[in-house]
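Contents: one structure, followed by commentary.
Laboratory data are not the source of any read-out in this text; all were calculated from the coordinates shown. None of the values given here were measured: they were computed from a predicted structure. In this analysis, Cβ positions are derived from the backbone assuming ideal geometry, glycine residues included, and neighbour counts consider all displayed protein chains.
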Amino acid sequence: MNRLLPVMTEQDILPQYHGTPVGLLLEYHNLNREYDAYTQARLLIGMCMDNRKHLHIPDNFAYIIRSGGANLRYSEFKVSYAIGAGGAKSIALIGHNQCGMVNLAARKDIFIQGLMENAGWEREQAEEHFMQLAPMFEIGNEIDFVLSETQRLRTRYPKIQVAPLLYKVEDNLLYQVKEN
Ligand SMILES: [Zn+2]
């Protein structure tokens, strides 16, 4: 089952995003829409910290919170700030494929070894750190997670539009995630 809806033309943008900052984001990033001038942010973008991702958006258009797996559960004050003080009216939550926060257990040894070699940590300290925090940051599956995080944010900020999106690292394009 394909849960991703591509945006190759303006007509591909879902009706609920037309005329919204989310629709503009899709046009800027995927369709090379000419940049408009902004003096105030319209959008809050939540996206993974992963180094393979880069958005094409105009200056001043969006607040961006980058966090492993586009997980905003531990960034609540920053989300509230972008909405309350920053004027963001919509949230674009952008997961991506090949995310490192999926199946963290598979990278446990690399993580521990890396902290020992690169940061000078003791093995025991690195192991404890991983065991304690990995469960909080594990996202399971990129698409399922972005949908559940979308639901959580909608409940928390009922007047804010929250759009689940996915960034594919192969083509650097944004995809709309199908909801039902
Ligand atoms: Zn990621």
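Please give the Cα centre distance for segment 11-26 versus segment 114-180, rounded to the nearest Å.
24
Within segment 1-67, which GluC sites (Glu not before Pro) sit in a loop by DSSP and count at most 11 neighbouring Cβ atoms inside 10 Å?
Values: sites: Glu10, Glu27, Glu34; in loops: Glu34.
Counting only loop positions with at most 11 other Cβ atoms within 10 Å, the GluC sites (Glu not before Pro) in segment 1-67 are Glu34.
Please compute, for the alpha-carbon atoms of segment 115-180, the extent along each of the three principal axes and give them in descending order in Å.
Extents along the principal axes: 46, 32, 18 Å.
If you take every DSSP beta bridge whose two residues both sit in the chain, what share of them, in percent to the nearest 5, is antiparallel? The partial results should precede the final answer.
Numbers: 7 of 24 bridges.
If we restrict to bridges inside the chain, about 30 percent are antiparallel.
For the chain, what is the convex hull volume of its Cα atoms per residue in Å³? Could you put the intermediate results ahead of the total?
Values: hull volume 24.8 nm³, N = 180.
Value for the chain: 138 Å³ per residue.
Using label points projected 7 Å from each Cα along Cα→Cβ, tell me how many nm separate Val169 and Asp144, to one decimal.
Here the modelled spin labels are 2.0 nm apart.
Quick one: dipole size for the chain, taken about the Cα centre, charges +1 on Lys/Arg Cβ and -1 on Asp/Glu Cβ, in debye to the nearest 20.
So the magnitude is around 580 debye.
How many lysine pairs are close in the chain, with Cα atoms under 20 Å apart and the two 8 or more places apart or on different chains?
Working: Lys53/Lys168; Lys78/Lys89; Lys78/Lys159; Lys89/Lys159; Lys168/Lys178.
Lysine pairs meeting the criterion: 5.
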